[in-house]
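Encoded as structure tokens, the structure appears first; notes follow it.
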Amino acid sequence: MKDLTYIGPVYCVSCGKELKNLMPEVDNDYEMINGGSIGHIYAPYGSRYDTDIFQVAICDDCVDKLKKEKRVRIVGNYIFSETRDDDGKVIPGQGKSL
């Protein structure tokens, strides 16, 4: 599979706010955006978009709102091997690397 890059402009999938590249003078591929998260979602078998890859971004404000509504959950941390509850607190003894 080819190396995927992010293509701007980037908008929050929830509220539509434009999310800016964190360091446009260094890198113009939107890998790091200011005040939000960006990633790729791979559509699995069962989806009408089976095998498609989506670029999706969400602003931090919407993540906060959706966490409170229990519609988004933090399930781990890709740097530290820890598991967190729905409030973002570390669950002792539940660490695992993602």
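Nothing in this text is a laboratory measurement; each read-out follows from the coordinates by a stated rule. Note that the coordinates shown come from a computational prediction; the quantities given were computed from them, not determined experimentally. Every residue, glycine as well, gets a Cβ built from its backbone with ideal geometry; the counts of neighbours run over all protein chains shown.
Of note:
- Within the shell defined by Cβ-Cβ distances under 12 Å, the residues around Y42 carry a net charge of -2, with Lys and Arg each +1 and Asp and Glu each -1.
- The modelled label-to-label distance for the pair Y45/V75, using points 7 Å beyond Cα in the direction of Cβ, is 1.9 nm.
- Whole-percent P(r), segment 10-68, all Cα pairs, 5 Å bins from 0: 4, 19, 22, 19, 16, 13, 5, 1, 0.
- Efficiency of FRET between D64 and E31 - r from beta-carbon atoms, R0 25 angstrom, step 0.05: 0.65
- Scoring 32-41, 54-63 by mean Cβ neighbours within 10 Å over their residues and listing the highest first yields 54-63, 32-41.
- Counting only DSSP beta bridges whose two residues both lie in segment 10-68, roughly 90 percent are antiparallel.
- When each of the peptides 46-53, 64-71, 16-23 is scored by the mean number of other C-beta atoms lying within 10 Å of its residues, the order from highest to lowest reads 16-23, 64-71, 46-53.
- One chain, two ends: V56 and V90. Fully extended at 0.36 nm per residue, the span grows by 9.6 nm beyond their Cα-Cα distance.
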